[in-house]
Amino acid sequence: MGTPIAALSRAELELRYRRTRLVSVVVGILLVVAAVMIGVMWQGGAGVGSTAAGANGSNSGTADAAEGAANCPVKDRRDPDDFMAIGDIDAPVVMHEWTDFRCPWCGKYTRETMPELIKEYVDTGKVRIEIHDAALVGGEESVKIAGAARAAGVQGKYFEFLDGVYEHQGATDNAALSDADLTALAKAAGVADLDAFDQAVAEGTHEDAVRESTAESQQLGVSGVPFFALSDCASPLSGAQTIETFRAAIDAKLEETK
């Protein structure tokens, strides 16, 4: 057991104080370095979305944003045939979401927050949401479910199936999904050709695409889900954030695009 503070001499107290300050300074430096590294990873060191005045006093925000967009590793797909996207293809802002069907927090976001975002921003033409598979939680089971979601998407029911999986997750405390469960969810989602769906699931038709997307997410530095970023890598968000947090980020990006 250490010597009580009351029993220390003045010299010993000063030494302890200096050591404590040194440790605090080192920890602070490490935290700053970590924050800078995360920012560089997502913004390519280009100051994405920056509107700060330059050294000469002129506003360099536009140039910084353009350079940031060029260096952003996540590109808006804006593909009219993309069944893993919802919203106007010409929406001013794209919100990218990385998700895993075995992730409880992904389910919480999908059930509680995503409907509000769709109502406020997607249905009004302001935001387009593009989904990325990131099977980082449930391994091959996550890959299989994501492949099934893609099979439903081929028949135009990706988001209906996604909603069904996460509703089932919430109702069953994230119980495992059997092939029969996946078929039932596809039927409830309105998938017309269940035989084609079942065959795609049994053969793992879309699983390589899921694995490729997962590998890409890891290369980008996504280590946890759900994860979000707006167009040009703006406002990366991790976890099931509150609706207010999403609104603040999206509104700021919409203002930037005016």
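Coordinate-derived values only; no laboratory data. Keep in mind it's a predicted model, so treat the numbers as computed, not measured. For neighbour counting, all protein chains shown are included, and Cβ atoms are generated from backbone atoms with ideal geometry for every residue, glycine included.
Based on every Cα atom in region 75-257, Rg and the maximum pairwise Cα distance Dmax equal 15.6, 47 Å. Summing charges over all other residues whose Cβ lies under 12 Å from the Cβ of residue 77, with Lys and Arg as +1 and Asp and Glu as -1, gives -2. Add +1 for every Lys or Arg and -1 for every Asp or Glu among the other residues with Cβ under 13 Å from the Cβ of residue 188, and state the total. Here the charged neighbours net out to -2. Under the simplified labelling scheme, the residue 245-residue 71 pair shows an inter-label distance of 2.6 nm, with each label point 7 Å from Cα along Cα→Cβ.
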